[in-house]
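Asks: I'd like to ask some things about the structure below.
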């Protein structure tokens, strides 16, 4: 690595002994990046910024929150009413969870479309799936902390799922609860883990970035850079692009925080938890709805009861993502050059949206009627769940074997610059004669 270009003596003195500025110069400034990245590549950096916002606001909220079943709900109300700008910290944190998942889900589906999981980026993809799992655990535990009706009953229902595991299931539930019901020990455990897990996420994000910089970013074409003409420095080209994307994102985020702060939440959670009164509907946050639909849709399978089969399907829907680098048998990364896979990708996206819609409704109610016969939400959920696994376990390998991809371009520069660019990318070109 080259020494930092700063003329500041203090910077050079520190860097000579601890080369942190050299590292930052190389990784954040000189880092060569494909010259054709689109705005779909903004969502990774936006997710990192959102993680920082969640940690900072969470630290402020932790200063005022009381993790006790008798005081938790009232402490949240005090944050909203009495603590200076407590309402802002809570609304930033509460809506931040939803926006964090929006960014990560878009980032994930972008990776699916452009083949970001393919060699040599398998570990990069798998670390991303680990981050998603940690986010889900953190979000679930955080949702319990306000100790509203949906917090209490959501914790009761989800933790009870582990009782379906033969032999040790009930012992696991008792261990999670810290007793024989969701009570104060449960709240304290969830509070501790909710505070700790974001810092573990930061560590995994660090590994994710190291893996990213090892082989560089992918690009919409799905081909590797073949020389200096295919790449440009990260700064200032993509820092400017990221700043523009951040500005647009913050406008939308602020619109929810200031004008629609409760649009993505459940009104039942503004009622204090009551173990003696079950809510009319127990529905998780929107970002868990597709998995909740799978949980409720799976019937008895041979000797496996529906409850255990649903738990297996719900967790398998995430774990199957770890194996995508080997399930996808195509040598072409980007869906732009895969005419069949491109359409199948959109089917998957529609399927996940449909499962989210199913998860928000009671499974026994009719969604619509066909020739006078009711089609229930659970029936639609079963079809959606079946297609989800069919997509990854059957279509992925089959399409890779039988699909005929379109010809790939010779280089990145050939598609974004006149006459394929040159060794001096960005240099002035002589005027052509007319």
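The values are calculated or read from the model by the stated rules, or taken from the named source; none is laboratory data. Quick caveat: nothing in here was measured; it's all calculated off a predicted structure. Cβ: placed from backbone, ideal geometry, glycine included. Neighbour counts: every protein chain shown.
Asks: Could you check residue 297 against (1) under 20 Å from the mean Cα position of the chain (by Cα); (2) outside the structural domain of residue 45 (by TED's automatic domain parsing) and say which number it fails?
Replies: (1)
Asks: Is it true that residue 215 is within 23 Å of the chain's Cα centre (by Cα) and surrounded by 13 or more Cβ atoms within 10 Å (Cβ to Cβ)? Break it down stepwise before answering.
Replies: Numbers: within 23 Å of the chain's Cα centre (by Cα): yes; surrounded by 13 or more Cβ atoms within 10 Å (Cβ to Cβ): yes.
When the stated conditions are applied, residue 215 passes them.
Asks: Select from the range 29-65 the residues that are assigned to a loop (DSSP other than H, G, I, E, B) and in contact (Cβ under 8 Å) with a residue 60 or more places away in the chain and list them in ascending order.
Replies: 30, 31, 35, 36, 37, 38, 65
Asks: Could you tell me which residue of the range 164-180 is farthest from the chain's Cα centre (by Cα), considering only residues that are touching a residue at least 12 places away in the same chain (Cβ under 8 Å) and farther than 28 Å from residue 265 by Cβ?
Replies: 166
Asks: Just for the range 154-201: of the residues that are assigned to a loop (DSSP other than H, G, I, E, B) and surrounded by 15 or more Cβ atoms within 10 Å (Cβ to Cβ), which one is modelled with the lowest pLDDT?
Replies: 165
Asks: Moving on to the next point. Which number in (1) crowded, with 18+ Cβ neighbours inside 10 Å; (2) in a helix (DSSP H, G or I); (3) in contact (Cβ under 8 Å) with a residue 60 or more places away in the chain marks the one condition that residue 79 misses?
Replies: Status for residue 79: all satisfied but (3).
Asks: I've got another one for you. What's the total number of residues in the range 216-236 that are within 21 Å of residue 46 (Cα to Cα) and either at pLDDT 90 or above or not in a helix (DSSP H, G or I) (or both)?
Replies: Looking only at that region, the number is 7.
Asks: Based on what the data block shows, is residue 233 more than 30 Å from residue 408 (Cβ to Cβ), touching a residue at least 60 places away in the same chain (Cβ under 8 Å) and touching a helix residue (DSSP H, G or I) at 6+ places or on another chain (Cβ under 8 Å)?
Replies: In short, no.
Asks: Being loosely packed, with under 12 Cβ neighbours inside 10 Å and in a loop (DSSP other than H, G, I, E, B) is the filter; apply it to the range 6-20 and report the residue that is modelled with the lowest pLDDT.
Replies: If we take residues in the range 6-20 being loosely packed, with under 12 Cβ neighbours inside 10 Å and in a loop (DSSP other than H, G, I, E, B), then 7 is modelled with the lowest pLDDT.
Asks: Any chance you could count how many residues in the range 390-434 are at negative phi and modelled with pLDDT of 50 or more? Let's see the steps before the verdict.
Replies: Of all residues in the range 390-434, those at negative phi come to 390-418, 422-425, 427-434.
From the residues that got through so far, the ones that are modelled with pLDDT of 50 or more too are 390-418.
Qualifying residue count, the range 390-434: 29.
Asks: Is it true that some residue in the range 241-264 is modelled with pLDDT under 95, in contact with a strand residue (DSSP E or B) (Cβ under 6 Å, 6 or more places away or on another chain) and not assigned by TED's automatic domain parsing to the domain that holds residue 357?
Replies: Scanning the range 241-264, I find no residue that is modelled with pLDDT under 95, in contact with a strand residue (DSSP E or B) (Cβ under 6 Å, 6 or more places away or on another chain) and not assigned by TED's automatic domain parsing to the domain that holds residue 357, so the answer is no.
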